Amino acid sequence: MAYRKTPAEIRRLEAARDRLVDCATAVVAEVGWAQASVTAVAGAAGIAAGSVYQHFPSKAALAVEVFRRAAGREVEVLGEVLRGPGDPAGRLAAGVRVFARRALENRGLAYALLAAPAEPAVGAERLDHRLRYRALFAEVVREGIADGTLPPQDAEVTAAALTGGIGEVLVAPLGTADDDGDSGELLAELTAMALRCAGADPAGPHP
């Protein structure tokens, strides 16, 4: 009979895997994808480099898991705001502010998720998550069109413009290690840009 892991062993392995991903995420945030070697991650986790391969078959597989967890959390947070209470334009403004603020508060990781050079497997995940962001933006824009708070438009085109524009605006400041003191102004300008893109008045009541 083949050996079967006990529930306690499975929990222990899952906990060790989760800790390894957390350590890898911290390393990526600090030095980027290229420098986040298996040796560096293992050192951060306090284990031998060979032990990493007990959980992931390759560096690429570990990197993909890091990206999926970190980017997936950002998609979840954005979705919670865009699908929350309030009118569509207000939710759009709030979503952009929350997304950008979270990025600016963790610049190294946000830059890695949005723009830092990465191996093809991570690049594929990045494209997939951009589609998820687009779907969320398209959803709230369609709601605004339906209730008359946003003008008629192609919601998919607007969503693509929002996804690309927000990322492009954030790339340069995220590439700077330290807060330059202009985060508040940047958030205001980025939010206004997003509202204009969707056809809403940036000066309107958008709490």
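The values are calculated or read from the model by the stated rules, or taken from the named source; none is laboratory data. None of these values were measured; they are calculated from a predicted model. Neighbour counts run over all protein chains shown; Cβ positions are idealised from the backbone, glycine included. Protein only, heavy atoms only, side chains kept; ligands, DNA and RNA dropped before computing areas. Shrake-Rupley method; radii C 1.70, N 1.55, O 1.52, S 1.80 Å.
Answer yes if at least one residue in region 71-79 is of a type outside the set (A, V, I, L, M), surrounded by 15 or more Cβ atoms within 10 Å (Cβ to Cβ) and modelled with pLDDT of 95 or more, and no otherwise.
yes
Out of the residues in region 124-174 that are open to solvent by 30 Å² or more (accessible area, probe 1.4 Å) and among the polar types (S, T, N, Q), state the one that is modelled with the lowest pLDDT.
Thr149
I'm trying to understand the selection: among the residues of region 2-25, which are open to solvent by less than 60 Å² (accessible area, probe 1.4 Å) and within 17 Å of the chain's Cα centre (by Cα)?
Once the filter is applied, which keeps residues that are open to solvent by less than 60 Å² (accessible area, probe 1.4 Å) and within 17 Å of the chain's Cα centre (by Cα), region 2-25 yields Val21, Ala24, Thr25.
Mind checking which residues of region 39-55 are of a type in the set (A, V, I, L, M, F, W, C) and either within 22 Å of the chain's Cα centre (by Cα) or more than 21 Å from Arg12 (Cβ to Cβ) (or both)?
Once the filter is applied, which keeps residues that are of a type in the set (A, V, I, L, M, F, W, C) and either within 22 Å of the chain's Cα centre (by Cα) or more than 21 Å from Arg12 (Cβ to Cβ) (or both), region 39-55 yields Ala40, Val41.
Looking at the structure I just gave you, is Ala160 in contact (Cβ under 8 Å) with a residue 60 or more places away in the chain and in a helix (DSSP H, G or I)?
No.
Scanning region 26-41 for residues that are among the small types (Gly, Ala, Ser) and touching a Pro at 6+ places or on another chain (Cβ under 9 Å), which turns out surrounded by the most Cβ atoms within 10 Å (Cβ to Cβ)?
Only one residue tops the list, namely Gly32.
Tell me which residues, restricted to region 103-126, are in contact with a helix residue (DSSP H, G or I) (Cβ under 7 Å, 6 or more places away or on another chain) and either over 16 Å from Val66 (Cβ atoms) or assigned to a loop (DSSP other than H, G, I, E, B) (or both).
Across region 103-126, the qualifying residues are Ala103, Leu104, Asn106, Arg107, Ala115, Ala116, Pro117, Ala118, Glu119.
Just give me the residues in region 42-70 being of a type in the set (Phe, Trp, Tyr) and open to solvent by 20 Å² or more (accessible area, probe 1.4 Å), in sequence order.
Within region 42-70, just Tyr53 meets the criteria.
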